[in-house]
Amino acid sequence: MQKLVYAGILAALATVGSGCQQSGPVHMGHDILPVPESTISVHQLAQRLGLTIYADTGTLVSLRNAVNSVTLFPNPSGQAYVNGKPVGPRGGIVRISGVLFVPTSLESYIRSALKPLSISVKPPLAYGRRIVIDPGHGGKDPGAISPIGINEKSVNLAVAGELAQILKQDGFDVILTRQADVFIELDERAGIANRAKADLFVSIHADSCNNRSARGSTVYICRNASRKSFAAAKAVDAAMERAGMACRGVREANYRVLVSTDGPAILVELGYLSNIAEAKALADHNVQGRLATAIAEGIRTALSQ
Ligand code: ZN
């Protein structure tokens, strides 16, 4: 019950304090009272320190957050306590017309004694992680060509570009082996990943097959791939499956770009350009975005393991 009464009083005080950003006269009803120089109200103090006023008993004011308790005693030799330990010089904490004022200098004493809110803050997943994205083919090498005239190199570049954008937004350091319709040798693509010491190399391709009904994505790793490559392939395949795509699973093949890459490396075949329905989908900007989003999710999962 007492707490409720205090809450009512505090709410009233907060209304008074909130309009008072700097030291100056405090308006209480019709009275104008002088405020000591170099002081701030307890409301301002709480706001600056990220604390809430928990109780005001008249003899003390208690401020809190999830892990700290600050107590202020307003009397001539009053003292501030942070988590039970005295901080700052004695005195200077005064009550004027019910509002507690503290010396401005007390803020920094209290701040330096507060425990951090989250003691173990993990660095973000993307921190310092580098991903090399390789849009397959390009320039004189169109890659697979669909029966409706869609070139693999264009689909690869579009999806890789989307993927790069998403991963950059996550904070990853992203390198594209090509950003335009240019030809790059396979060894150079792997070389870019090796020189960059990439945490993951992701080559983006689209399939083609004589059987025009063949469909779905496949994630490749080279034979005898590292545990990290396998985990990344599994995570990307699973993410694409969760996104509702037809997935053919993780397979092994000694593609040049996979064999020549020192670090973890996967090659994603997005789907079959030889399948007319799938070719149309692969050329669709929305589908390209969905593919990129799913691959990005798989990469995040892989790198968090
Ligand atoms: Zn290809």
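Every number in this text was worked out from the coordinates using simple rules, so none of it is lab data. Predicted model only: the values in this text are computed from it and were never measured. Glycine also receives a Cβ, built like all others from the backbone with ideal geometry; neighbour counts cover every protein chain displayed.
Here are a few things to note about the model shown:
- Extension reserve of the Asn65-Lys197 stretch, reckoned as 0.36 nm per residue once the Cα distance is removed: 43.2 nm
- A simple packing score, the average count of other Cβ atoms within 10 Å per residue, orders the peptides 292-305, 83-96 as 292-305, 83-96, with the highest score first.
- At R0 = 51 Å, FRET efficiency that the Cβ-Cβ distance of Gln165 and Arg90 yields, to 0.05: 0.35
- Put a dot 7 Å past the Cα of Glu188, heading toward its Cβ, do the same for Ala243, and the two dots end up 2.9 nm apart.
- Under the combined filter of DSSP loop state and at most 11 neighbouring Cβ atoms within 10 Å, the stretch 169-208 retains these trypsin sites (Lys or Arg not before Pro): Lys197.
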